[in-house]
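All remarks here apply to the structure that follows.
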Amino acid sequence: RRAGGRRGIAPVEYLELRHGETLGTPQPGRPARLLVAAWLDGVRLIDNVAATLR
């Protein structure tokens with residue numbers, strides 16, 4: 001797979017910002033989570049990171 005001129009990196013499968021505790025709709029000023037899934041050399045990578053919607 002190729003994307004952005006880099007070997008082995010495919011487009012992001014999903015990238016979403018969700019409420020940090022319920023995974024519902026994020027609210028300004030409240031804890032949130034940024035969720036991502038992508039493929040790298042045939043391996044599906046998933047991760048999340050804390051964020052705050054301003």
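Couple of notes before you dig in:
- For region 13-24, a residue qualifies if it is charged (D, E, K, R), in a strand (DSSP E or B) and without any contact (Cβ under 8 Å) to a residue 24 or more places away in the chain, and the qualifying residues are Glu16, Arg18.
- Contact map, region 25-54: first residue assigned to a strand (DSSP E or B), second residue among the hydroxyl-bearing types (Ser, Thr, Tyr) and surrounded by 10 or more Cβ atoms within 10 Å (Cβ to Cβ), Cβ cut-off under 7 Å, separation 6 or more or different chains; pairs are Pro31/Thr52; Ala32/Thr52.
- Condition check for Val49: of a type in the set (A, V, I, L, M), modelled with pLDDT of 95 or more and surrounded by 13 or more Cβ atoms within 10 Å (Cβ to Cβ): no
The values are calculated or read from the model by the stated rules, or taken from the named source; none is laboratory data. All of these numbers come straight from a predicted model, not from anything done at the bench. Cβ sites come from the backbone with ideal geometry, for glycine too, and all protein chains shown count toward neighbours.
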